[in-house]
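Written below as structure tokens is the structure these notes are about.
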There are 2 protein chains.
Amino acid sequence: MTLVNGIEADAVSVQDRGLSYGDGLFETLAVADGLPIAWEPHISRLRNGCQRLRIPCPAEALLRAEATRVCAGLTLGVLKIIVTRGANGRGYRIPEVVNPTRILTTYPWPAFPGSRAREGVLVTVCQTRLSANPRLAGIKHLNRLEQVLARSEWDSHHYAEGLMLDAADRVVEGTMSNLFLVMDGQLVTPDLADAGVAGIMRGLVLAEAPALDMSVRVASVSLEDLRRAEELFLCNSLFGVWPIKGLDGQAYRVGPLALRLRQRLLAQGCIAAQE
Amino acid sequence: MTLVNGIEADAVSVQDRGLSYGDGLFETLAVADGLPIAWEPHISRLRNGCQRLRIPCPAEALLRAEATRVCAGLTLGVLKIIVTRGANGRGYRIPEVVNPTRILTTYPWPAFPGSRAREGVLVTVCQTRLSANPRLAGIKHLNRLEQVLARSEWDSHHYAEGLMLDAADRVVEGTMSNLFLVMDGQLVTPDLADAGVAGIMRGLVLAEAPALDMSVRVASVSLEDLRRAEELFLCNSLFGVWPIKGLDGQAYRVGPLALRLRQRLLAQGCIAAQE
């Protein structure tokens, strides 16, 4: 089911600035038993993104009511929320009166192979780079051509994800996930000040790691750091945590931290129990 | 009038990848007496953009027939063509079968004050930077948040345009136009290998300048180069050529090259005769 500004519909205006310029934001949430998981941090990131782009953010109560409506009866699935600067004709200039467009849609659960979470995944490094812009870094905006190009670099099921670097050869994230390393017994994730999306699951991992006696550090990460790492894993709001068992030919041990974190996040209801 | 895939409509699917990811391209053409101006170079750039993004480009004959239909009876106006990777659900991965979406819409002529072309315009330098990505540079794709943010930096009618730099302090272009400098008697325009849109009017200016005994050079341009320039002007497909008479307090002489180029492009039918 899809709601566009609260009305059941499957289309938006051709004048919508989301289409014209990618002038908007989105959130992708796991849904279990009709309820979106990690609603608060997702809405908080959406609100922050709207502030950064100066788009009036729809009221949380309204979004919540519409999310409840589209997710009703969904045992396991995906909720996508898009907020754009609305339909306002031609030209980059922001109109004086903005009526944002909000779109809530549900999708079937992607049904990742369960082995990925238990046994780890293979990952490759993409040629497509992430461009740097502090004004856009961190938020989940609709300008995603770099991810589309990066994701088009492999089409086999061999790789579950591709890692993206910035122009300065820093490792930033996966095309659809964030990256963590265990180095010298410490948990490290790339700094996203210049590029990348500050994933909700990334935030949950950062928040939960200390409870597992892991100190965490947000830092600049190089390919050399990945080579030296004791453990690597990916995270996002749908699959939760995937250990990386291989990166372009280099093998990594699966877990133990990724598996412990996954268990903890599952137990707290932050990850949808897939099986 | 708007045609979506050849059918009169004013909406596109909420699943369109143009909306989800800005996964597409656009062209903006001036229309005079029912005919789009500079059709061939616009379609050539669209085709090139489709190749770069690996979107199947709609046949030119089809686009031409639809353009003729939407532009019929339009004495002076704007034609916008959008081509996206179509409606394909969730996820960055490009689906095996792509049915691109094409949208052709007309808009009223923006009616710029005629004084801008004759007497020149005032311009400011924007704080928002253009990010660098050679994979996306030059083409007119739908990821335009940087332009939206830059254009939001001024709201008065005082400035007609804002200039954008990249992260390395190189001057790239205006938010909606390309920039030319006259330096040491030579015509110079910024190199767009890393960022920027290769404008159709920019191409026409580069092609016509030698006939006015001007040598042309595509080069890296700094703010210091702008300060030293003898003449500055902007160009795009709608307004043609605008001399810059002032940039953040520094005054420039208006023309003579910009005015001569404008006359030449007007005479050749490359610029819509506005008045």
May I ask you to compute the full-extension gain from A:R90 to A:R217, defined as 0.36 nm times their residue separation minus their alpha-carbon distance, rounded to one decimal in nm? 41.3 nm
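For chain A, what is the mean residue ellipticity at 222 nm derived from helices alone (per DSSP H run of n ≥ 4: -39500 (n - 2.57); sum divided by total residues; nearest 500 deg cm²/dmol)?
For chain A, the value works out to -7000 deg cm²/dmol.
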Tell me the trypsin sites (Lys or Arg not before Pro) within region A:1-59 that lie in a loop according to DSSP and have at most 16 other beta-carbon atoms within 10 Å. A:R54
How big is the charge dipole of the protein assembly as shown about its Cα centre, in debye rounded to the nearest 20, if each Lys and Arg gets +1 on its Cβ and each Asp and Glu gets -1 on its Cβ? 360
Give the cross-link partners of A:K80 among the aspartates and glutamates, using a straight C-alpha distance below 14 Å as the criterion and excluding same-chain residues fewer than 8 apart. A:D10, A:E27, A:E66, B:D16
Stokes-Einstein D for chain A, Kirkwood Rh over Cα pairs, 37 °C, 0.692 mPa s (µm²/s): 169
Suppose R0 equals 56 Å. What FRET efficiency, 1/(1 + (r/R0)^6) with r the Cβ-Cβ distance, do A:D155 and B:R228 give to the nearest 0.05? 0.65
Measuring from a point 7 Å out along Cα→Cβ, what nm distances, shortest first, does B:Q250 have to its partners in the other copies? 4.7
Rounded to a whole number, the Stokes-Einstein D of the protein assembly as shown in µm²/s (Kirkwood radius over Cα pairs; 25 °C; 0.890 mPa s) is 99
Between B:R47 and B:V125, what FRET efficiency comes out of the Förster formula 1/(1 + (r/R0)^6) with R0 = 45 Å and r the beta carbon distance, rounded to 0.05? 0.85
Between B:V98 and A:A267, what is the spin-label point distance in nm, taking each point 7 Å from the Cα along the Cα→C-beta axis? 4.6
Under a 10 Å cutoff between Cα atoms, tell me which one of A:A193, A:A11, A:A137 has the largest fluctuation in the Gaussian network model of chain A. A:A11
Measuring from a point 7 Å out along Cα→Cβ, what nm distances, shortest first, does B:D10 have to its partners in the other copies? 2.1
How big is region B:81-230 on each of its three principal axes, counting only the C-alpha atoms and giving the largest first in Å? 53, 34, 32
Say each of A:D33 and B:E60 gets a label point 7 Å from the Cα, pointing the same way as Cα to Cβ; how far apart are those two points in nm? 6.1
For the protein assembly as shown, give me every cysteine whose Cβ has no other Cys Cβ within less than 4.7 Å, ordered by residue number. A:C71, A:C126, A:C235, A:C270, B:C71, B:C126, B:C235, B:C270
What whole-number distance in Å separates the alpha-carbon centres of region A:158-217 and region A:28-60? 21
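Might you report the magnitude of the Cβ-based charge dipole of region B:2-108 about its Cα centre, with Lys and Arg at +1 and Asp and Glu at -1, to the nearest 20 debye? Intermediate results must be reported in sequence, preceding the final value.
Numbers: 12 positive and 10 negative charges, 88 e Å.
That gives region B:2-108 a dipole magnitude of about 420 debye.
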Using only atoms on other chains, find how many Cβ atoms lie within 10 Å of each Cβ of peptide B:59-65 and report the average. 0
Which residue, B:L206, B:A251, B:V216, has the largest displacement toward the positive end of the dipole of region B:115-267 when charges sit on each Cβ (Lys, Arg +1; Asp, Glu -1)? B:L206
Hey, any idea what the orientation-averaged projected area of the convex hull of region A:2-108's Cα atoms comes to, in nm²? 6.3
Calculate the dipole size of chain B relative to its Cα centre from +1 charges on Lys and Arg beta carbons and -1 charges on Asp and Glu beta carbons; express the result in debye to the nearest 20. 480
Using the beta-carbon distance between A:F112 and B:D184 and R0 = 35 Å, what value does 1/(1 + (r/R0)^6) give for FRET efficiency, to the nearest 0.05? 0.05
Under 29 Å from the Cα of A:K245, which lysines turn up, not counting those fewer than eight places away in the same chain? A:K140
Using the number of other C-beta atoms within 10 angstrom as an exposure proxy, rank A:I43, B:I7 with the fewest first. B:I7, A:I43
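Laboratory data are not the source of any read-out in this text; all were calculated from the coordinates shown. Remember, it's a predicted structure, so these values are computed and weren't measured experimentally. Ideal geometry is used to build each Cβ from the backbone, glycine not excepted, and the neighbour counts take in all protein chains shown.
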